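Okay, structure first, notes after.
The values are calculated or read from the model by the stated rules, or taken from the named source; none is laboratory data. Keep in mind it's a predicted model, so treat the numbers as computed, not measured. With ideal geometry, Cβ positions are generated from the backbone for all residues, glycine too; neighbour counts draw on all protein chains shown.
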Amino acid sequence: MRHTRIYRTVGLVWFLLTVAAIVYATRLALVVAPTEATMGNVQRIFYYHVPTSMLSLLFPYVNFVASLFYLGWRRRNPMRALTADAVAIASAEVTVVYSSICLLTGMLWGRAVWGIWWTWDARLTSMLLLWLLYVSYLMLRKLSATGQTQTLAAVLSVFAAIDVPIVYMSIQWWRTQHPAPVFGGGPDSGIDPSMMPAFGWNVLGWAMWGVFLLVFRYSLERRRQETEQEAARKSIEGSMEIAQ
Amino acid sequence: MSRVQTELGDEMRGLRSYIGCVWCHLQKDLRLEWRSRDSINGMLFFSLLVVVVFSIAFDPTAAMSRQIAGGILWVALLFASITALNQAWTRELRNRVLDAQRMSPAPPSAMFLGKALANFLFVVIVEIVMALPFLFFYNLHALGQGWLILAIMPLGTWALVCNGTFFAALGLRTRNRELMLPLILFPISIPALLGMMQATTAVLTGEFAPDPWIRLLVAYNIIFTLVCLLLFETVLSAE
């Protein structure tokens, strides 16, 4: 009981810090950061687009590692395996949310700067495929029969994780139109130092928000699992009483 | 010396019994198909329909058909093989055969390999039969190195069938499993689809080199065949 109270306090403090970081980051991005020379105010979407795209490449790893732990613990320690599974589903959902935001902000920017909503360019296509992979993961979880959902989903997660680098490479060969990476993309890459705080705070704020969502979803899933186990225990006890 | 020999002998025996299991499953699936001919007939007619519908949709000239034929061919085969793959494991559900196989001491991956090979043969037969109508309807002759098709077709087919057989088993006990298979197979297969379509288009048009795409297919096949073999037992005994 005391543990619950501690967790709840930590969660609340984390949430408040996250909101504060996001508010500050938004002020930096929309007000303080200088207007970009060629694109104008449209460039400000960069402060949301790049952090969410970076984070949507990070959360699949959490999903993959959690799924590996699930497969490892499945027989030896089923209770602990369930916690790994809760992490897996939470991170898959956060991945879908973040990659959706990344795709949508990218499309808004593309409409304003390129004049088109969408183009089948390497990065756009690989991000769309990442989104498709994790949506199909969530579909499998939704449609599979209870009792084996976790194992099947963990297997699919391994496939998806192996597929992502192959997708990325094959699409690279296919075509490229996206602006060269802003960071580490050659001598002219990088942003003006005056834009750096806005970018950094947005990465931090949205990373904290992603972690908050993940932990929140995790504890929700844990509660669902506990209710399920309780119901199973009661029905077993009920059937034993009838037998007597 | 003698111990090394006996260990080697044990391994050889193990390998031989594994191949025996694969062969047994393959024979069983081929015999089932020979007696019913459900999968192959269904696939043949289905892919013929797709080819006809696409030629009506695009009304292609010879030059244009070279550009789009590679894509249409694989889309037709992809949809057709989905219809066969969905039936591949439901056959085993009748009379609880699959439960019996789960209890048998034979390695589960041998069963998977046998079934994947059987499905591979079915799709290859469909490809051989479909080759002629396809060439006629689209007025095709390859401008690139035509013989490379002989490498691209089996590689692409194995990429579809190996993962398809695996995901059909994975989706076997889900609700609406007919819908589930394409939902999970398509996103995973996109690199392979890209590889086979690009390689086929390269051979038909002769405008660019198919080699990198063939290499992609080979790498994809090796990686995913290994993953399927390693994880099949987990999927079969998932509960």
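Can you tell which of A:Thr146, A:Thr105, A:Thr125, A:Thr151 is on the phi < 0 side of the Ramachandran plot and assigned to a loop (DSSP other than H, G, I, E, B)? It would help to see each step written out before you state the result.
Working: A:Thr105 fails: assigned to a loop (DSSP other than H, G, I, E, B); A:Thr125 fails: assigned to a loop (DSSP other than H, G, I, E, B); A:Thr151 fails: assigned to a loop (DSSP other than H, G, I, E, B).
One residue alone meets the criteria, A:Thr146.
Any chance the stretch B:110-131 includes a residue that's assigned to a helix (DSSP H, G or I) and either in contact with a strand residue (DSSP E or B) (Cβ under 6 Å, 6 or more places away or on another chain) or of a type in the set (S, T, N, Q) (or both)?
Yes; the residues of the stretch B:110-131 include at least one that is assigned to a helix (DSSP H, G or I) and either in contact with a strand residue (DSSP E or B) (Cβ under 6 Å, 6 or more places away or on another chain) or of a type in the set (S, T, N, Q) (or both).
Matching residues to (1) without any contact (Cβ under 8 Å) to a residue 60 or more places away in the chain; (2) in contact with a helix residue (DSSP H, G or I) (Cβ under 8 Å, 6 or more places away or on another chain); (3) buried (at least 20 other Cβ atoms within 10 Å of the Cβ):
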residue	(1), (2), (3)
A:Thr4	yes, no, no
A:Arg8	yes, no, no
A:Ala20	yes, no, no
A:Val42	no, yes, no
A:Arg74	no, yes, no
A:Ala90	no, yes, yes
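Restricting to the stretch B:111-141, give me the number of residues that are touching a helix residue (DSSP H, G or I) at 6+ places or on another chain (Cβ under 8 Å), free of Cβ contacts under 8 Å to residues at least 60 places away in the same chain and either at positive phi or of a type in the set (Phe, Trp, Tyr) (or both).
Going through the stretch B:111-141 one residue at a time, the tally reaches 1.
Go over the candidates B:Leu85, B:Leu78, B:Leu73, B:Leu48 one by one and state the one that is in contact with a Gly (Cβ under 6 Å, 6 or more places away or on another chain) and at pLDDT 85 or above.
Values: B:Leu78 fails: in contact with a Gly (Cβ under 6 Å, 6 or more places away or on another chain); B:Leu73 fails: in contact with a Gly (Cβ under 6 Å, 6 or more places away or on another chain); B:Leu48 fails: in contact with a Gly (Cβ under 6 Å, 6 or more places away or on another chain).
It is B:Leu85.
Could you tell me whether any residue of the stretch B:65-83 is basic (Lys, Arg), more than 22 Å from the chain's Cα centre (by Cα) and within 30 Å of B:Leu135 (Cα to Cα)?
Checked the stretch B:65-83: at least one residue is basic (Lys, Arg), more than 22 Å from the chain's Cα centre (by Cα) and within 30 Å of B:Leu135 (Cα to Cα).
Testing B:Ala209 on (1) surrounded by fewer than 18 Cβ atoms within 10 Å (Cβ to Cβ); (2) facing chain A (nearest Cβ under 8 Å), one condition comes back false. Which one is that?
Looking at each condition in turn, B:Ala209 falls short on (2).
Determine whether B:Thr165 is among the β-branched types (Val, Ile, Thr), within 29 Å of B:Leu15 (Cβ to Cβ) and crowded, with 17+ Cβ neighbours inside 10 Å.
Working: among the β-branched types (Val, Ile, Thr): yes; within 29 Å of B:Leu15 (Cβ to Cβ): yes; crowded, with 17+ Cβ neighbours inside 10 Å: yes.
Considered against the rule, which asks whether it is among the β-branched types (Val, Ile, Thr), within 29 Å of B:Leu15 (Cβ to Cβ) and crowded, with 17+ Cβ neighbours inside 10 Å, B:Thr165 comes out as yes.
Kindly indicate the residue of the stretch B:159-196 that is part of a loop (DSSP other than H, G, I, E, B) and touching a helix residue (DSSP H, G or I) at 6+ places or on another chain (Cβ under 7 Å) and also farthest from the other protein chains (Cβ to nearest Cβ) among those meeting that condition. Give the steps one after another, and end with the answer.
Taking the stretch B:159-196 first, the residues part of a loop (DSSP other than H, G, I, E, B) are B:171-173, B:175-176.
Retained after the next criterion (residues that are touching a helix residue (DSSP H, G or I) at 6+ places or on another chain (Cβ under 7 Å)): B:171-172, B:175-176.
Values: B:Gly171: 8, B:Leu172: 10, B:Arg175: 5, B:Asn176: 7 Å.
Once the filter is applied, the top-ranked residue is B:Leu172.
Residue-by-condition table, conditions (1) crowded, with 17+ Cβ neighbours inside 10 Å; (2) without any contact (Cβ under 8 Å) to a residue 24 or more places away in the chain; (3) among the aliphatic types (A, V, I, L, M); (4) more than 9 Å from chain B (Cβ to nearest Cβ):
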{"residue": "A:Ser99", "(1), (2), (3), (4)": "yes, no, no, yes"}
{"residue": "A:Val113", "(1), (2), (3), (4)": "no, no, yes, yes"}
{"residue": "A:Ile116", "(1), (2), (3), (4)": "no, yes, yes, yes"}
{"residue": "A:Leu124", "(1), (2), (3), (4)": "yes, no, yes, yes"}
{"residue": "A:Leu140", "(1), (2), (3), (4)": "yes, yes, yes, no"}
{"residue": "A:Gly147", "(1), (2), (3), (4)": "no, yes, no, no"}
{"residue": "A:Thr151", "(1), (2), (3), (4)": "yes, no, no, no"}
{"residue": "A:Ala154", "(1), (2), (3), (4)": "yes, no, yes, no"}
{"residue": "A:Ala160", "(1), (2), (3), (4)": "yes, no, yes, no"}
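Could you check how many residues of the stretch B:218-230 are touching a residue at least 24 places away in the same chain (Cβ under 8 Å) and more than 10 Å from chain A (Cβ to nearest Cβ)?
Adding up the residues that qualify gives 4.
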